[in-house]
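Throughout, read-outs are computed from the coordinates displayed, never taken from laboratory work. Being a predicted model, the structure only gives us computed values, none of them experimental. With ideal geometry, Cβ positions are generated from the backbone for all residues, glycine too; neighbour counts draw on all protein chains shown.
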Amino acid sequence: MSKINFLKPDKTNLNTFLYLGSFLFFISVLDVSLNSFFNLNITNFLPGFLSFLLPLILGFIGLYFIRIELSGNKHLDLLNKNINTNNFNAVLSLLIIFIIIKSIPPILSWFYVDASFAGDSKDVCTGSGACWTYIKVWMRRFMYGMYPNAEQWRINLSFIALALLGSVGYFATDRFKKYLTLYYVVIYPFIAFLFIFFFISGGPVFFDFSYGIIAAILSIIVGFFIPNKFKFYYFLIVPFGLYILLKYFIFYEELIELGKLEGLNWVETGAWGGLSLTFIISFFCLIFCFPIGMAFALGRRSGFPLIRYISVGFIEFWRGVPLITVLFMSAVMFPMFLPEDFFIDKLVRAIIAISLFEAAYVAEVIRGGLQALPRGQYEAAKSLGMGYWKMHIFVILPQALKLVIPGIANTFLALVKDTPLIFVVGLLEIVGMLNLAKTNPEWLGFAMEGYVFAAIIFWIICYAMSKYSYNLEQKYKTDR
Amino acid sequence: MNFKLKDIVPQLVTVLAVVLVFGFFTYNAQVNMENRGIDFGYGFLSQESSFDVQFSLIEYDGSHSYFRAYLVGLLNTILVSVIGIIFATILGVIVGIARLSPNYLINQFAAFYVEFFRNIPLLLQIFFWYFAALRALPLPQDAEPMFGVTYLTIKGLFVPAFIWQNFNIFFYSLVAAIIAIIVIRTHAKKVQETHGKQIPVLLISLGLILILPLLSFLFGGVRLSFEVPVLKQLATTSFIYEGGVSLPPELIALTLSLSLYTATFIAECVRAGIQGVGKGQKEAAASIGLTPNQVLKLVVMPQALRIIIPPTTNQYLNLTKNSSLAAAIAYPDLVLVFAGTALMQTGKAIEIVSITMFTYLSLSVSISILMNWYNKKIAITEK
């Protein structure tokens, strides 16, 4: 065996260094693991300071020994290239490995091992871990706010129906693809509004006319999927027929008055809350802010100076103020600007405020896309004799919007993350409900569980959205 | 004539619509205020405010005016924003560079950090730190001192205060050092451009900024001592630290969450900026014999900064605006003090909300003007 030069590991003694280095590295990881999982300190014969740093030193020497360039061993080379390029990187890698090992046991024990899941009162939560019973007991409140328990099926049903109607795009055949934009931009939001306004909110209005309207609209959508041969007659007869049938021949009002059919109870928006409110607000703001933002983006690039100045003023104003003051404005200042007997529900006011606020951001994002398009596109469209609207709808906007998918997705993400701010106007979505539950005298001291729960939910929503936007971006990526 | 009409009509219609909407609002506001007997005016700003604020940088109590309360709120907002911006920038740059590290563990760790913190609403993070994490801290009487003099307790962070003697001399020496550094830098640049000689500017600057203040200690009669926080008993079970500087838990929670949240966005800007510098630039720089440090300093960073600065400015603006979430945890910032308490007391909704919005608007506009100027200065001047 030739002489080993400890200061400079090289290929000639590859195996010796490999075994020695791996052994030292293994010892250091073992030491930290034992310390963290079983609370054992195998090096406590050493002085405290040295015992604390020993794994780092051992690991560092170990990694130094196995750092042999072009060793010929595929796995070793890969390891060296990825976590062990030089001394500094080796120390950082070790620190990260140790932090991970150190943080696993407390997190695991808090989340699962010592946590309590069973029962339905605070008494079961005696362990040192999380009290998931609290979340279980308060689940309905976190999901539906103060919405009456007996009526919560209305929210569930509406959301399921809207999700199904929203997924129409996936099943549409090629022939109906061209109607999809119209469907998603005009018809779907309208149906969603009807659902939320009449079904979740409830009330007698529902029976006056909206059964007929919803039935008619649903039948129109169904109509797009039936064969062309019958389409004309279908559209001529079915929607109006359904409407008239439901409105005049099935006498709901009389049935209700006779007590044979019960109407839906009216649930005021103050009682709405929880995660469902987050969804409702995000959904409507998302729908409203997009067209408004697009209009102002076009206005900012318009050739008319007055329109341009107004757009710039609008955009810069909303972008310059924080959302919380906008909501303050909608809560305390906006009612002063309306006629005295004119009342707008606070949920609607909040939705208007958030939509206008986010519209300014959407406008800037879309403007970026419009500016990124080469002049040639505008000139080519004009030379084909297209007017302003035709040019924008068929040539400019499809390309510009494709370019700004990531930016728009970021704005929408920001919107979802901004919804908790509606606590300013007194609406409590999931974070607001958490703060309410936290102060309940029977359930004091579980703030951590609540926030972790909400954080997980928001994280899943936002992460899924960002991944989806990434997929969209890849899907619509076209070479130019 | 026809051509002109086509130009004017849409503009006229838009302006008319805007004027009508504003007119409608103003008319209603007038009618409403008359009906409720509220008069419009900013005179209340000089009236006595008669409410107290927990934490203030300037002297303030109930006998001061509403305008003073406004200043207290504004200064608190600026304090939180500045601290947040500093921490967010440091953390963001580190994480952004870490995401580009060839070390797999480091870049995955950085990616995890970014994905984790930016997908959770800021308000939730503030609540988490304030109501859950900081509530787990020890009571003042049980707190273990850090470095012997600093106490992190449930009632806030207590650090020693600096007590200066002849602070102005120290300050002048610092200013002199900075001016000298600027002079030397310009001189060094000129020397390099005309003679091609390099002067070690960094070393000289470091020396200047250390030595001149040190001299002021030795010869200028500047003295520095510390006032250490001391535990004091208020009641049988209530303790508090006195002396030194106390940072309220609201401020800690707010700066912590603001910087952790904003740092993720800054990290992405930094990463995009460094990635945006073409590989050819680095190779070309290396091929003319620059050292790796010089490549980074003279070739990569100047180009990367050009990409990094505009979006980072946006993040600074966002942080400043997000600091208004302070109102949710009762940190006395502009929104809480002025748009909250003062509005409740005076009932002057329109005046107060408009002042608050205008303040944020001017903060945003001034930051963006500053950054636009800087951006223009470092932009590529193409022929």
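Evaluate the range B:357-376: report whether one residue or more is assigned to a helix (DSSP H, G or I), more than 16 Å from the chain's Cα centre (by Cα) and at the interface with chain A (Cβ under 8 Å from one of its Cβ atoms).
Yes, some residue in the range B:357-376 is assigned to a helix (DSSP H, G or I), more than 16 Å from the chain's Cα centre (by Cα) and at the interface with chain A (Cβ under 8 Å from one of its Cβ atoms).
Does the range A:290-332 hold any residues that are surrounded by fewer than 21 Cβ atoms within 10 Å (Cβ to Cβ) and over 25 Å from A:Val365 (Cα atoms), and which are they?
Correct list: A:Ala331, A:Val332.
What single numbered condition from (1) within 30 Å of B:Val245 (Cβ to Cβ); (2) touching a residue at least 60 places away in the same chain (Cβ under 8 Å) fails to hold for B:Gly41?
(1)
Can you name every residue in the range A:273-309 that is of a type in the set (A, V, I, L, M, F, W, C) and facing another protein chain (nearest Cβ under 9 Å)?
Once the filter is applied, which keeps residues that are of a type in the set (A, V, I, L, M, F, W, C) and facing another protein chain (nearest Cβ under 9 Å), the range A:273-309 yields A:Phe304, A:Leu306, A:Ile307.
I'm checking my understanding of the structure. Among residues of the range A:139-184 that are more than 20 Å from the chain's Cα centre (by Cα) and not in a helix (DSSP H, G or I), which one is surrounded by the fewest Cβ atoms within 10 Å (Cβ to Cβ)?
Restricting to residues being more than 20 Å from the chain's Cα centre (by Cα) and not in a helix (DSSP H, G or I), the top hit is A:Thr173.
Whether any residue in the range A:441-456 is away from chain B (no Cβ under 13 Å), surrounded by fewer than 18 Cβ atoms within 10 Å (Cβ to Cβ) and of a type outside the set (A, V, I, L, M, F, W, C) is what I want to check.
yes
Going by the conditions given, is A:Pro9 in contact (Cβ under 8 Å) with a residue 40 or more places away in the chain and under 30 Å from A:Phe446 (Cβ atoms)? Steps first, answer last, please.
Working: in contact (Cβ under 8 Å) with a residue 40 or more places away in the chain: yes; under 30 Å from A:Phe446 (Cβ atoms): no.
Here the answer is no, as A:Pro9 does not meet what is asked.
Here are some residues: B:Ser50, B:Ser65, B:Ser101. Which one is surrounded by fewer than 16 Cβ atoms within 10 Å (Cβ to Cβ) and either in contact (Cβ under 8 Å) with a residue 40 or more places away in the chain or within 13 Å of chain A (Cβ to nearest Cβ) (or both)?
After applying the criteria, what remains is B:Ser50.
Suppose we filter the range A:319-335 for residues that are free of Cβ contacts under 8 Å to residues at least 40 places away in the same chain and within 7 Å of another protein chain (Cβ to nearest Cβ); how many remain?
Adding up the residues that qualify gives 7.
Checking A:Val312 against (1) facing chain B (nearest Cβ under 8 Å); (2) out of contact with any Leu (no Cβ under 9 Å at 6 or more places or on another chain), which single condition isn't satisfied?
(1)
Taking the stated definitions as given, is A:Ala464 surrounded by fewer than 17 Cβ atoms within 10 Å (Cβ to Cβ) and outside any loop (DSSP other than H, G, I, E, B)? Please lay out each step first, then the result.
Values: surrounded by fewer than 17 Cβ atoms within 10 Å (Cβ to Cβ): yes; outside any loop (DSSP other than H, G, I, E, B): yes.
Judged against the criteria, A:Ala464 is a match.
If you scan the range A:40-96, which residues turn out to be more than 14 Å from chain B (Cβ to nearest Cβ), touching a residue at least 12 places away in the same chain (Cβ under 8 Å) and hydroxyl-bearing (Ser, Thr, Tyr)?
A:Thr43, A:Tyr64, A:Ser71
Let me confirm something: among B:Ser50, B:Ser46, B:Ser63, which residue is on the phi > 0 side of the Ramachandran plot and either of a type in the set (Phe, Trp, Tyr) or more than 27 Å from the chain's Cα centre (by Cα) (or both)?
B:Ser50
Name the residue that is surrounded by the most Cβ atoms within 10 Å (Cβ to Cβ), counting only residues in the range B:198-238 that are in a helix (DSSP H, G or I) and in contact (Cβ under 8 Å) with a residue 40 or more places away in the chain.
B:Ser216
Going through the range B:175-186 one residue at a time, which ones are of a type outside the set (A, V, I, L, M, F, W, C) and either in contact with a helix residue (DSSP H, G or I) (Cβ under 9 Å, 6 or more places away or on another chain) or under 22 Å from B:Ser216 (Cβ atoms) (or both)?
B:Arg185
Listed here are the residues, each with its yes/no results for (1) touching a helix residue (DSSP H, G or I) at 6+ places or on another chain (Cβ under 8 Å); (2) hydrophobic (A, V, I, L, M, F, W, C).
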residue: B:Asn318; (1), (2): yes, no
residue: B:Ala339; (1), (2): yes, yes
residue: B:Ala342; (1), (2): yes, yes
residue: B:Thr346; (1), (2): yes, no
residue: B:Glu351; (1), (2): yes, no
residue: B:Phe358; (1), (2): no, yes
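Among the residues of the range A:378-390, are any among the aromatic types (Phe, Trp, Tyr), within 14 Å of chain B (Cβ to nearest Cβ) and assigned to a helix (DSSP H, G or I)?
Checked the range A:378-390: at least one residue is among the aromatic types (Phe, Trp, Tyr), within 14 Å of chain B (Cβ to nearest Cβ) and assigned to a helix (DSSP H, G or I).
Could you list, in sequence order, all residues of the range B:135-154 that are over 29 Å from the mean Cα position of the chain (by Cα) and exposed (fewer than 12 other Cβ atoms within 10 Å of the Cβ)?
The answer is B:Asp142, B:Glu144, B:Gly148.
What residue, of B:Phe117, B:Phe131, B:Phe170, B:Phe112, is under 26 Å from the mean Cα position of the chain (by Cα), within 9 Å of another protein chain (Cβ to nearest Cβ) and not in a strand (DSSP E or B)?
B:Phe131
Just for helices (runs of 4 or more DSSP H) wholly inside the range B:239-348: which have at least 2 residues that are within 14 Å of chain A (Cβ to nearest Cβ), within 15 Å of the chain's Cα centre (by Cα) and β-branched (Val, Ile, Thr)? Even if it seems obvious, please write down each step before you answer.
Working: elements: B:249-276, B:279-287, B:301-322, B:343-346.
Helices (runs of 4 or more DSSP H) meeting the threshold: B:301-322.
Which residue pairs have Cβ atoms under 7 Å apart, sit 6 or more places apart or on different chains, and have a first residue in the range B:153-168 that is within 18 Å of B:Phe226 (Cβ to Cβ) and a second that is charged (D, E, K, R)?
Note: pairs meeting the criteria are B:Pro160/B:Glu227; B:Ala161/B:Glu227; B:Ile163/B:Glu227; B:Gln165/B:Arg223.
Which ones in the range A:141-183 are in contact with a Gly (Cβ under 8 Å, 6 or more places away or on another chain), within 16 Å of A:Leu428 (Cβ to Cβ) and of a type outside the set (Gly, Ala, Ser)?
Once the filter is applied, which keeps residues that are in contact with a Gly (Cβ under 8 Å, 6 or more places away or on another chain), within 16 Å of A:Leu428 (Cβ to Cβ) and of a type outside the set (Gly, Ala, Ser), the range A:141-183 yields A:Arg141, A:Phe142, A:Met143, A:Tyr144, A:Met146, A:Tyr147.
Tell me, yes or no, whether the range A:47-59 has at least one residue that is more than 21 Å from A:Ile27 (Cα to Cα) and in a helix (DSSP H, G or I).
Within the range A:47-59, none of the residues are more than 21 Å from A:Ile27 (Cα to Cα) and in a helix (DSSP H, G or I).
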